[in-house]
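Please read the structure below before turning to the comments.
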Ligand code: LIP
């Protein structure tokens, strides 16, 4: 899969350094830029040339995936609102789903130069160095990344309550604006956990494998295993604090 990582780095050249003008607006704060489309079209062409029998399921194209065959799952720019604003924290997220699971995942942030990747059963890496989901802090001192579901304003009160409870229970919270990178930061031990109430398959399929291969515990907000073919609420955490963070989520959900 080194060739796939090289293709992602080449695709990222289309994510110009400067803030990129929005092409169209899918909803409040939900944009599609020329760079999203350019990254998607480059990777679709390059992957179909090398893997002609594989399917392609991407955020910026109307499609339904046939998961009976291998399928690439792509978010061409995860953290698009950040990209439009020139915030410098966005990533290309690419996963390969085959034989009932994600077998390969990679998340590339061209602004930091960090390539996170994992193969099922082969570990997780950042720029080739092994990473472990070991934050090294108990919950009262932990950093927790909370995704705020900005496209779902009807859930803002719930996000507010999660913010309050997590601030009381943990050291502090963080919000980077890219779910794919949030999974990778937990995988690298930079945060003790990441959670978000609703993500699409392309937001999390790659990051989920990277976190699991780094030793994180993962699940939906009922604690069930995640199926990255479907949209879902997500939680990934250092094993030592997963249950405590899940309990906070479930307390809020019962209110
Ligand atoms: C975004 C995620 C972010 C989430 C947004 C959106 P996009 O992906 O990375 O964490 O809060 O709702 O899903 O739209 O930038 O590819």
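What follows is calculated from the coordinates using simple rules that are stated; it is not laboratory data. Computed from a prediction, not measured in an experiment: that's the story for all the values here. Because the Cβ atoms are built from the backbone with ideal geometry, glycine has one as well, and the counts that use them run over all protein chains shown.
With the convex hull constructed from alpha-carbon coordinates only, the range 48-194 shows a mean projected area of 10.6 nm² over all directions. For the chain, the mean projected area of the C-alpha convex hull, equal to one quarter of the hull surface, is 12.5 nm². Largest GNM mean-square fluctuation among 14, 50, 174, using the chain with Cα springs under 10 Å: 50. Helix 2-11 and the longest principal axis of the Cα set of the chain meet at an angle near 90°. Helix 156-169 and the longest principal axis of the Cα set of the chain meet at an angle near 60°. Model label points for residue 85 and residue 63, set 7 angstrom from Cα along the Cα-to-Cβ axis, are 3.0 nm apart.
Across all directions, the average flat footprint of the convex hull enclosing the Cα atoms of the range 83-169 is 8.4 nm².
Of all the C-alpha pairs in the range 43-118, what % are more than 15 Å from each other? Everything past 15 Å amounts to 59 percent.
Each of 168, 143 was scored by other Cβ atoms within 10 Å of its Cβ. Listed from fewest to most, they are 168, 143.
For the options 78, 36, 53, a Gaussian network treatment of the chain with springs between C-alpha atoms closer than 10 Å singles out 53 as fluctuating the most. Determine the shape class of the range 114-238: with a ≥ b ≥ c the square roots of the Cα gyration tensor eigenvalues, call it rounded for a/c under 1.5, and otherwise prolate if a/b is greater than b/c, oblate otherwise. Oblate is the answer for the range 114-238, as a/c is 1.5 or above yet b/c matches or exceeds a/b.
Taking the 0 to 90 degree range and rounding to the nearest ten, how far is the long axis of helix 242-253 tilted relative to the main principal axis of the chain, both from C-alpha atoms? So the inclination is approximately 80 degrees. Of all DSSP bridge pairs formed entirely within the chain, close to 80 percent run antiparallel.
Defining a contact as two alpha carbons under 8 Å apart and six or more residues distant in sequence, what relative contact order in percent does the chain show?
Working: 580 pairs, mean separation 41.2, N = 255.
That works out to 16 percent.
For the range 41-142, averaging the sequence separation of C-alpha pairs within contact (under 8 Å, six or more residues apart) and dividing by the residue count gives a relative contact order of 14 percent. Relative contact order of the range 137-255: 27 percent, from C-alpha pairs under 8 Å at least 6 residues apart in sequence. Cα gyration tensor of the range 129-181, axes a ≥ b ≥ c as square roots of the eigenvalues: rounded (a/c below 1.5), prolate (a/b > b/c) or oblate? Oblate is the answer for the range 129-181, as a/c is 1.5 or above yet b/c matches or exceeds a/b.
Roughly what percent of Cα-Cα pairs across the range 152-193 reach past 11 Å? Intermediate values should be presented prior to the final figure.
Working: 591 of 861 pairs.
Distances greater than 11 Å cover 69 percent of the Cα pairs.
Could you put 131, 173, 77 in order, starting from the residue whose Cβ has the fewest other Cβ atoms within 10 Å?
Working: 131 24, 173 17, 77 32.
Exposure proxy ranking, most exposed first: 173, 131, 77.
Largest mean-square fluctuation among 211, 106, 11, in a Gaussian network model of the chain whose springs join Cα atoms under 10 Å apart, belongs to 11. Listed from fewest to most Cβ neighbours within 10 Å, the set 23, 245, 84, 32 follows the order 23, 32, 84, 245.
Here the range 1-86 is treated as a sphere whose radius is the Kirkwood value from Cα pairs; by Stokes-Einstein at 4 °C and 1.567 mPa s it diffuses with a coefficient of 95 µm²/s.
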